[in-house]
Amino acid sequence: MEGLTKAYPGVVANSDVSFTLKAGEVHALLGENGAGKSTMVKMIYGLVKPDSGRMIWKGAPYAPAEPRAARASGVAMVFQHFSLFEALNVAENVALGMENPPPMGELAARIKAVSEEYGLPLDPSRMVGDLSAGERQRVEIIRCLLQDPKLLIMDEPTSVLTPQEVEILFKTLRQLSAEGTAILYISHKLEEIRTLCDEATILRRGKVVGTCTPRERTAREMAEMMVGAVLTPPERAPRKDWGDTAPALSVKGLSVASPIPFGTALKAVGFDVARGEVLGIAGVAGNGQDELLLALSGEIRSEPGMVTAAGVPVGTLGPAARRRIGFVMAPEDRLGHAAAPDMSLVENAFLTGAIRKGLTRRGFIDWAATRDFAEAVIRDYDVRTPSSGAAARSLSGGNLQKFVIGRELSQAPEVIVINQPTWGVDAAAAASIRQAILDRAAAGAAVVVISQDLDELLEVSDSFAVLNEGRLTVPRPVKGLTIDEIGLMMGGAHGMEVAHHG
Amino acid sequence: MDFGGINPVVLIASLMVAAVPIMLAALGELVVEKSGVLNLGVEGMMIMGAICGFMAAVHTGSPFLGFIGGAAGGAVLSLVFAVLTQGLLANQVATGLALTLFGLGLSSLMGQGYNGIKPPLTGAVPFGPLRDIPVLGRILFSHDWVVYFSIAATALVWWVLKATRLGLVIRAVGENHDAAHALGYKVQRVRLGCILFGGAMAGMGGAYISLARVPQWTDGITAGAGWIALAIVVFSSWKPWRILIGAYLFGGISQLQLSLQASGSKIPVGYLSMAPYLITILVLVIMSSGRAKASLKAPAALGQNFHASR
């Protein structure tokens, strides 16, 4: 790669980027959200054309006009958002990504053979819609492997995987690189890059800002190169005693059926959160996290006394009524649940901010105030967007997350419920989101953080509990909690490990 | 062997004929919807096919060329839809409805002067002695070629969608156009092809009404057959063989009500003639309610426009 430049209207995604990649090397492309990593690899894969610069592939000029040409030269790519078809089965999905697929029967046999060779068991006749995130990724990887690639591009492959699945993936990637396949690995998870990659190129705002050998650097050093500033761990103000008689949020014997198909019902969940306290709830996805958020936000109603706020039963109130008394919620699913994808940021700001920020006047929307609110969120939380009129869908995942969290936290809340606060967000933004949560807690809000990232929970929480198959363990103070004890609390929770996430 | 003045053998034979227009149109629409496009203009394309086919047959004297003309007429109208929705990214529902209105009006204009003319007849396929087999001969071997063509087309559509690369790509585009694009497939080109196929099939179905089933030209001759075809696609949950069953079912009901009217049934005519439409509504309500909905399996990208912005 030499001096590649790609400009989009309004932004230069890549400017004069150069790096080289040797056979069998695992090369990391590192950068924050919007640093231009994805654009870079799309150029290599032929999805977008560079405006200037050239690529050289095995000594010859390389300029793929379309993905087909890239595949023909031995470049394969595993996408960040899976490029799979849910209603088709595994073999059909694989066939779609190949140039000259063999007949289905033969292909199924080859899928089986390759999947076993690389320790990625997969049944070719299953529907992709029924597979877990990890299994789906296997489909993508096997699709690539069947074409015997010389260069494998992986765009943030681990963001949706459980720690065990990450382990399996890394084993596969090491095996591949030992066989001489070059791997271009895009991520902002620094610990992963340190364990896996040989070399790293660091991008910031579309430019190469440095290269390094990840094994010889600490995660902090790389993060600082990536962000271009010194990172500070979140600061915690000392807890204050607010002298309340009843906890700000109390949940007792909460049992509700799940409205989600194949969801997990909540079984007698109970906890108290006082003002200024942060309760961290851990657990592998699908153990009732979504249902707990719905029950707390009012989207699922329960018996009145199951949820009480400052001693007042609120179990039967809907979301709007709960917002009125000071609840704010940020669900995990950003597009569709936390934000309306095709509406602008201003409109999205209105949707949850209308009640607490008083954005209506005599039943009409006060657009000026709404715009001010949206712009304040964009400014305070460093949301990168062309304007507050941009559609929510057009923002990158991390930027939208910053906007959603910022919108909720700016409403002077009494009770905050957040599911996966930093999912898909880069290190610097994650740190600022965590800091914002702690600041809110210090200002007197009761906070419930549901997350799969143990390090994050241990960093922000005062007390810690684990949700497992719809049951919540008794919350315990984080201070003095050892890893072994956490392991015991996780109990049946199929082994989440610490220190996997950077 | 009559039941209340209705001969079941004749009823079955004639329902196979009655089902042909909606079956052809529904097969075409099935392929269109499988590629993720919702074209509500079936009625308009059918009636354009009816008039174009009628004109072609009258001028050339060949019923076969009439059907070709009908297919061409439907395809040309569907091209308008394709340009608007795929090229200019217009809303598919609105464009489809407009297409129907446009087709009805344009066909009426083109049909001026063709009222009361007899088109050349489409004869039955000569099966010789096979035709004289009792019962079976009348049901299976007494039809014109289009009836057999419609059954063959069902088999062909089923096979292409299930077993060929082309079918796989069509289904992929209809399921997730972003992923298909990321893999390097030409989403708009695939959809354009499917829309043209759907138009041609609807046009042929329309031509069958004006050339064989009625056979003459009057304004609004398709009388809602296009809407029934659309309903059948949903009823069949996007499976070609179920289109055949659905079309025969609806063909049977509309044929039965005609026979009942003819045999002087005591039920008022109005109720009989609305029966097919009532049953269409009923089927759709039952199928889209509750648990049955999950098994409908509509193509995930149905009705969504695609633009390769990123």
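Distance between the modelled labels on B:I245 and A:D333, one decimal in nanometres: 3.2 nm (7 Å Cα→Cβ projection). Quick one: Cα centre-to-centre distance for the stretch B:1-71 and the stretch A:380-419, in angstrom? Cα centroid to Cα centroid, the span is 54 Å. When each of A:F364, A:F85, B:F54 is scored by the number of other beta-carbon atoms lying within 10 Å, the sequence from fewest to most is A:F364, A:F85, B:F54. If R0 is taken as 56 Å, the Cβ-Cβ distance between A:S387 and B:A124 corresponds to a FRET efficiency of 0.25.
Pairs with C-alpha atoms separated by more than 31 Å, drawn from the list A:K252/B:K297; A:K37/A:K402; A:K267/B:K297; A:K189/A:K357; A:K267/B:K34; A:K42/A:K189, are A:K252/B:K297; A:K267/B:K297; A:K189/A:K357; A:K267/B:K34.
Fully extending the segment from B:K297 to B:Q261, taken as 0.36 nm per residue of separation minus the present Cα-Cα distance, adds 9.2 nm.
Note on A:R68, A:R204: ascending count of other Cβ atoms within 10 Å places them as A:R68, A:R204, the fewest first.
Considering only C-alpha atoms, what is the centroid distance from the stretch B:224-284 to the stretch A:63-98, in Å? Distance between centres, Cα-based: 43 Å. By the beta-carbon count within 10 Å of each Cβ, the least crowded to most crowded order of A:K58, A:K189, fewest first, is A:K58, A:K189. Using only side-chain charges placed at the Cβ, +1 for Lys and Arg and -1 for Asp and Glu, the dipole size of the protein assembly as shown relative to its Cα centre rounds to 1640 debye.
Shielding by partners for peptide B:182-195, expressed as the average number of C-beta atoms from other protein chains within 10 Å of each residue's C-beta, is 3.
None of the figures in this text is laboratory data; all of them are computed from the coordinates on show. Keep in mind it's a predicted model, so treat the numbers as computed, not measured. Glycine also receives a Cβ, built like all others from the backbone with ideal geometry; neighbour counts cover every protein chain displayed.
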